[in-house]
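Read-outs: derived from the displayed coordinates by stated rules, not from any lab. Since this is a predicted model, take the numbers as computed values, not measurements. Please note: Cβ atoms are built from the backbone with ideal geometry, for glycine as well, and neighbour counts cover all protein chains shown.
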Amino acid sequence: MNALIVGRQCEDLAKHGAKAVQLARLAAAGLPVPDGVVIPADLPADQIATVTDKILAWAAAIRAQYGLIIRSSAPAEDGNHTSFAGLYSSFFAATRSRDVQAAIRAVRMSSSSPTVRAYAQASQIEAPSGVAVIVQAAIRAYSAGVLAGQIRDGTWHDWQIEAVHGVAAPLTSGQVSGEVHHLGRALMLDVLADLVVPGAPQELRLPPGERITVDDRDGYPERAKIRTSAGGLVTVFRPPTWKSRPILLPQDVARLLELAMATAEAIKAESIDMEWAITRGGELHLLQARPLTRPIPRSPATARGSATSAGWQGIPASPGVATGPSLQLGHPAQSAAGMVVVCGNLGPDAAIVLLQHPAAIAATTGGPLSHAAIVARELGIPCVTGLPKHLGNLPDGTALTIDGIAGTVSTGISTGDGRTDPPLRTNGAVVLTWPTLADIEDDGRAGTVILVEPEADWKSVTGSLASHGNPAGLLQLGRRPLPFLPSGYDEHYLPGIGRLAWPVAIGAVPSELLVLDGKTPAWRRVIEADQPRRAD
């Protein structure tokens, strides 16, 4: 068994993980993937010290002057429907044996974390038994970020780029939304006053207040004062000249879109979620790529953080509308189930809350490309980010309605148009629990969906529906295939929700599902069905 292999030679999903296999495929296609090495998932723990010596020798040979980035590569990671975004650990580390060993062990241990296992269970996939580890030289980037988009017939259908100075970690962790470019428009500038970069050994030893040299896009050196340093990273105050000009120029955006298109072709995907970095001289690096698991809601024209007739405007991060009592993240509570979780940074600490089935998430920082926002979309949880910070002062229990499509938050219960008894939208289907056939009404709804447990007698359920005369859809939560599909029905997978058996006679699957409290929509989710499977 090879204890350490060159990243470009990875091809075994079980041993090397999806991320390493994907990067090897991209490197083979000639795309600018940084060199790296991979520790296989089946490496015995007692060999980590020996492998560390080999890694340090490799790092010296390639002159990794700014340390290393050490991250996970699990078999189910970066998949078409499950990203595990931000759920495994990753670390920057100085090129010292104790730091590298500690990072490797922590990444390997993260595969057994409660958050990873809860996410796997929620996604109805097998929890990983181990994880491979990717080691690459840390890149001292002028700018870095994420590009996400969808492609149709070889052209861009929708795309968005978020960029920050330095490493992308403040963006992917939800600390900021960065400078945002969407379909050719620069929407906002929300960047840190600080710049986070991997540090050289001598820089990591300097105290706060000392200065280091950072290079701008053209390679021009600037002196920047250290605020803090830890974990292989140095946080400095951004040079004043950097604050007055955009992070990305139009030519940078064009190059990123070209790289993303080539990346999507290489991994045979019609959507892409790509992490990138630009170093001095404009050199472009492809750090990570995976299919975009769920489309990103389009940002509204209204400025984020503003007050609107609906309450407060933020950035739509995960579609759907939900109402519930507010709960400040970190406040004592038995569970976040059914609550609207209000938080500042939608970071890794919010991941476990997302798995407790909250009604929605309202975050005052971050954007739709942050890791937790990605997971919220995969789980079908409405989410709005970039909201006014004073939402953090709301008392727990405040009734909030979150609209993850419009990007708004309002107090009170959503009633659609403000009337006591609002009409239902005709493009929505109402979700009922079985058996409630008497509640199949002719009230303008697109159809009725019966929520059925997997253990129910599905043939009996469909027989009762046939005798009732009004056809209805059948919904089973989760990814498990339907145990029985009656004649005249198509089976659709609804990402983040479950499996839907929908009557062909009714027509197209509706665009949203609603749960009613009386006649008031108490829960609303936008749905996007995949290609159906028809009963034989």
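Treating each Cα of region 141-292 as an identical point scatterer and summing with the Debye formula, the log10 of I(q)/I(0) at q = 0.09, 0.11 Å⁻¹ comes to -0.29, -0.43. Given contacts defined as C-alpha pairs under 8 Å and at least six residues apart, what's the relative contact order of region 236-302, whole-number percent? Worked out over region 236-302, it gives 20 percent. Taking the average, over residues, of other Cβ atoms within 10 Å as the packing measure, peptides 197-209, 72-84, 472-484 rank 72-84, 472-484, 197-209 from highest down. May I ask for the net charge around Arg290, where only other residues with Cβ less than 10 Å from the Cβ of Arg290 are counted and Lys, Arg are +1 while Asp, Glu are -1? Local charge sum for Arg290: -3.
Under the rule a/c < 1.5 gives rounded, and otherwise a/b versus b/c splits prolate from oblate, where does region 307-411 land using the Cα gyration tensor? Since a/c stays below 1.5, the shape of region 307-411 is classed as rounded.
The relative contact order of region 53-202 comes to 22 percent, based on Cα pairs under 8 Å that sit 6 or more residues apart.
Each Lys or Arg adds one and each Asp or Glu subtracts one; over the other residues with Cβ under 13 Å from the Cβ of Gly219, this totals -2.
Full extension of the chain segment joining Trp156 with Ala45 gains 35.4 nm, where the gain is 0.36 nm per residue of separation less the Cα-Cα distance.
On full extension, the segment bounded by Glu210 and Arg98 gains 37.7 nm, given 0.36 nm per residue less the C-alpha separation. Summary value for region 307-411: 41 percent relative contact order, contacts being C-alpha pairs under 8 angstrom separated by 6+ residues. Near Glu77, within a Cβ-to-Cβ distance under 11 Å, what is the net charge of the other residues, with Lys and Arg +1 and Asp and Glu -1? Charge balance near Glu77 sits at +2. Protection proxy ranking of 153-159, 506-512, by the mean of other Cβ atoms within 10 Å over each peptide's residues and highest first, is 506-512, 153-159. For the pair Asp35 and Ser464, a Förster radius of 60 Å applied to the C-beta separation gives a FRET efficiency near 0.45, rounded to the nearest 0.05. Measuring between alpha carbons in the structure, the pairs from Lys243/Lys389; Lys19/Lys54; Lys243/Lys268; Lys54/Lys225 lying more than 27 angstrom apart are Lys243/Lys268; Lys54/Lys225.
In region 5-138, one over the average inverse separation of all distinct C-alpha pairs is 14.9 Å, which is the Kirkwood hydrodynamic radius. Computed packing ranks the peptides 370-376, 226-232, 337-343 as 370-376, 337-343, 226-232, most packed first, by mean other Cβ atoms within 10 Å.
Given the alpha-carbon gyration tensor of region 129-207, what are the semi-axes of its equivalent ellipsoid in whole angstrom, ordered largest first, with each equal to the square root of 5 times an eigenvalue?
Largest first, region 129-207 gives 29, 19, 11 Å.
Once the Cα-Cα distance is subtracted from the 0.36 nm per residue extended length, the Ser487 to Gln251 segment shows a gain of 79.5 nm.
Cut-off 20 Å, label point 7 angstrom out along Cα-to-Cβ of Leu284: give me the residues of region 197-233 whose amide nitrogen falls inside. Only 216-219 pass the distance filter.
For Met109 and Gln356, a Förster radius of 25 Å and the Cβ-Cβ distance give a FRET efficiency of 0.65, rounded to the nearest 0.05.
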